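Q: The structure that follows is given in the form of structure tokens.
Since every read-out is calculated from the coordinates, none of them should be taken as a lab result. What you see is a predicted model; the values in this text were computed from it and never measured. Backbone-built Cβ (ideal geometry, glycine too); neighbour counts: all protein chains shown.
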Amino acid sequence: MSRATSAGLIALGAAAGLILSLIAYTTRSSGINGTGGALLVIASSAAILLAAMAIAMWPKMRGWLRGTLIFLLLLGILGTALAAYFLDSKWLLLAMAVCLIGWLLATRHQDAPASRGARTVKGKATS
């Protein structure tokens, strides 16, 4: 699976989480309307979405920057999932599970190392 596909899966879960948290924040019957926790989940879902889009749009990102974003994505996904659990929002928890699956796929993806061609020295193959 490509890096863009796994980042797309994270972005899909984050977009769903953003929509669900916006609905929960504005709907009176949700029980969490207007609360700070719901507002925090809105912000964290938006941050996860932006980070996933950055990973998908810049495939040539430096290793340390990509590693930092991947680590911060994990913290954001787990923190948002914990907030979804505390807010008793099962659909938001499911959206963060989708993000976590995408994160796992993004960490498993590695670029193939550049192969060095075999060099020959006076007819003998060396590596």
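Q: With Kirkwood's inverse mean 1/r over C-alpha pairs for Rh, give me the Rg to Rh ratio of the range 3-110, two decimals please. Spell out each step's value before the answer.
A: Values: Rg = 13.8 Å, Rh = 13.6 Å.
Checking Rg against Rh, the ratio lands at 1.01.
Q: May I pose another question? With bins 10 Å wide starting at 0, give me the P(r) of the range 15-74 over every alpha carbon pair, in whole percents.
A: 23, 39, 22, 13, 2
Q: Expected output is a single nm value to one decimal: the length gained when fully extending between Leu74 and Thr26, i.e. 0.36 nm times separation in residues minus the C-alpha distance. What is it? If you can, show how the numbers build up before the last one.
A: Numbers: separation 48, 0.36 × 48 = 17.28 nm, distance 2.71 nm.
That works out to 14.6 nm of additional length.
Q: Starting with the highest mean, order 87-98, 14-25, 30-41 by the number of other Cβ atoms within 10 Å, averaged over the residues of each peptide. Spell out each step's value before the answer.
A: Details: 87-98: 19.2, 14-25: 21.3, 30-41: 16.0.
Per-residue Cβ counts within 10 Å, averaged per peptide and sorted highest first, yield 14-25, 87-98, 30-41.
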